[in-house]
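Shown next, in structure tokens, is the structure this report addresses.
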Amino acid sequence: MTQVYISAGGNIDPVASLSQALTLLRATWPDMRCSRAYRNAAAGFEGDDFINLAAGFTTEQSLAQVLARLHDIERACGRERDVPKWVPRSMDLDVLLFGTLAGEFPGAVLPRPDLLTRAYMLGPLAEIAGELRHPRTGLSIAEHWRRFDRAAHTLHPVDVANLNAAGC
């Protein structure tokens with residue numbers, strides 16, 4: 001079994017989209033657990049705030065199979081994959097860590113290169129897997145989060161009952 005950690009978020013009807021995504025994720029990976037949800041400013045473009053969280057689950061599936069399922073879930077949530085990168089989106093599911101894999105793989109670079117520079121990825125991941133060691137640095141995710149410049153990248157916890165009903 002491989003431990004997988006993902007980031008989930010969106011800024012087009014984000015509560016409904018996250019709720020739908022979490023329901024589909026839980027149906028695929030029943031042992032999924034989640035961080036709290038956080039509101040944060042759009043990164044890389046002007047747009048509505050995103051609501052993001054981190055989730056972790058175990059699987060016997062390959063990286064390619066997990067990526068394919070995540071893309072299916074994004075599409076089910078209204079995401080179109082053939083649009084420019086820096087635009088509003090209903091759902092974005094990104095693999096942050098896939099076991100201890102490190103390197104370039106079809107459809108992913110692992111660990112996700114911007115994991116250590118994006119508060120909306122690192123903070124929520126530290127909540128659910130702080131003891132985990134980053135495959136490249138050897139430091140724990142909690143230690144990376146302690147060193148992170150949180151003042152420059154604020155996260156605002158969001159109490160979202162719909163997400164709790166979806167399984168997180």
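Identify all residues within segment 13-27 that are touching a Gly at 6+ places or on another chain (Cβ under 7 Å) and β-branched (Val, Ile, Thr); write none if there are none.
Of everything in segment 13-27, just one residue is touching a Gly at 6+ places or on another chain (Cβ under 7 Å) and β-branched (Val, Ile, Thr), namely 23.
(1) open to solvent by 50 Å² or more (accessible area, probe 1.4 Å); (2) under 13 Å from the mean Cα position of the chain (by Cα): which one isn't true of residue 51, the others all being true?
Every condition holds for residue 51 apart from (1).
For (1) within 27 Å of residue 159 (Cβ to Cβ); (2) open to solvent by 60 Å² or more (accessible area, probe 1.4 Å), each residue gets a yes or a no:
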site	(1), (2)
1	no, yes
7	yes, no
30	yes, yes
58	no, no
109	no, yes
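Which of the residues belonging to segment 15-40 are in contact (Cβ under 8 Å) with a residue 40 or more places away in the chain, of a type outside the set (A, V, I, L, M, F, W, C) and touching a strand residue (DSSP E or B) at 6+ places or on another chain (Cβ under 7 Å)?
Once the filter is applied, which keeps residues that are in contact (Cβ under 8 Å) with a residue 40 or more places away in the chain, of a type outside the set (A, V, I, L, M, F, W, C) and touching a strand residue (DSSP E or B) at 6+ places or on another chain (Cβ under 7 Å), segment 15-40 yields 17, 33, 35, 36, 38, 39, 40.
Within segment 72-116, which residues are under 18 Å from residue 55 (Cα atoms) and in a loop (DSSP other than H, G, I, E, B)?
77, 90, 91, 99, 100, 101, 111, 112, listed by residue number.
Would you tally the residues in segment 1-32 being in contact with a helix residue (DSSP H, G or I) (Cβ under 7 Å, 6 or more places away or on another chain), among the hydroxyl-bearing types (Ser, Thr, Tyr) and at pLDDT below 95?
Residues that pass the stated criteria total 1.
What number of residues within segment 121-168 are assigned to a helix (DSSP H, G or I), modelled with pLDDT of 95 or more and surrounded by 13 or more Cβ atoms within 10 Å (Cβ to Cβ)?
The total comes to 14.
Residues to consider are 79, 36, 69, 75; find the one that is of a type in the set (D, E, K, R), crowded, with 19+ Cβ neighbours inside 10 Å and under 29 Å from residue 159 (Cα atoms).
Exactly one of 79, 36, 69, 75 is of a type in the set (D, E, K, R), crowded, with 19+ Cβ neighbours inside 10 Å and under 29 Å from residue 159 (Cα atoms), namely 79.
Can you list residue pairs whose Cβ atoms sit under 8 Å apart, with the first residue in segment 54-67 being among the small types (Gly, Ala, Ser) and the second being in a helix (DSSP H, G or I) and open to solvent by 20 Å² or more (accessible area, probe 1.4 Å)? Count only pairs 6 or more apart in sequence or on different chains.
54/127; 54/128; 55/128; 56/128
The values are calculated or read from the model by the stated rules, or taken from the named source; none is laboratory data. Since this is a predicted model, take the numbers as computed values, not measurements. Methodologically, a virtual Cβ is constructed for each residue, glycine included, from the backbone with ideal geometry; neighbour enumeration extends over all protein chains shown. Quick note on the areas: whole protein, heavy atoms, side chains included, nothing else; ligands and nucleic acids left out. Shrake-Rupley method; radii C 1.70, N 1.55, O 1.52, S 1.80 Å.
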